[in-house]
1. How many residues are more than 13 Å from Y79 (Cα to Cα) and buried (at least 16 other Cβ atoms within 10 Å of the Cβ) if we restrict to segment 1-13?
2. Taking T115, is it of a type outside the set (D, E, K, R), in a strand (DSSP E or B) and either open to solvent by 60 Å² or more (accessible area, probe 1.4 Å) or modelled with pLDDT under 95 (or both)?
3. Kindly indicate the residue of segment 60-110 that is aromatic (F, W, Y) and in contact (Cβ under 8 Å) with a residue 40 or more places away in the chain and also surrounded by the most Cβ atoms within 10 Å (Cβ to Cβ) among those meeting that condition.
4. With R19, R71 as the choices, which residue is among the charged types (D, E, K, R), in contact with a Gly (Cβ under 8 Å, 6 or more places away or on another chain) and either closer than 16 Å to E5 by Cα or assigned to a strand (DSSP E or B) (or both)?
5. Would you tally the residues in segment 14-37 being open to solvent by 40 Å² or more (accessible area, probe 1.4 Å) and within 15 Å of the chain's Cα centre (by Cα)?
6. Of everything in segment 83-106, what is in a strand (DSSP E or B) and hydrophobic (A, V, I, L, M, F, W, C)? Give them in sequence order.
7. Collect the residues in segment 37-59 that are within 21 Å of S25 (Cα to Cα) and free of Cβ contacts under 8 Å to residues at least 24 places away in the same chain, keeping them in residue-number order.
Amino acid sequence: QVKLEESGGGLVQPGGSLRLSCTASGFTFRLYSMSWYRQAPGKQRRLVARITNDHSTYYIAAVKGRFTISRDNAANTVYLQMNELKPEDTAVYYCNVVVAGVSSWGQGTQVTVST
């Protein structure tokens, strides 16, 4: 049974930083791409960043140069380092993996960027 658990969200001022973590279980972590999505109030859930099993990365334009996705296969954990945060980054952030065609999500972690 795939399980994903996010942590690390919180309230931060504009320009600040946060690091999100997602710990996975129930599948062979090192073999799969891992993704971070976010969902702002009233909006659809959207991809933010992805890291493949060979550590190739992809970012949406809005976060490129500010966010860094990484993974620790020994710890079954994927990270999202978020720097230079902006109010428009405010959202619930979700970890995602697709295993055998089934998409699994964590419960999400709230990130709020505000003065």
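1. Selection size over segment 1-13: 2.
2. So T115 does not fit the description; no.
3. Y93
4. Exactly one residue qualifies, and that residue is R19.
5. 6
6. Once the filter is applied, which keeps residues that are in a strand (DSSP E or B) and hydrophobic (A, V, I, L, M, F, W, C), segment 83-106 yields A91, V92, C95, V97, V98, V99, V102, W105.
7. Result: R50, T52, N53, D54, H55.
The values are calculated or read from the model by the stated rules, or taken from the named source; none is laboratory data. What you are looking at is a predicted structure, and each value in this text was computed from that prediction instead of being measured. Here Cβ is always computed from backbone atoms with ideal geometry, including for glycine, and neighbour counts include all displayed protein chains. We work out accessible area using only protein heavy atoms, side chains counted, and drop any ligands, DNA or RNA first. Shrake-Rupley method; radii C 1.70, N 1.55, O 1.52, S 1.80 Å.
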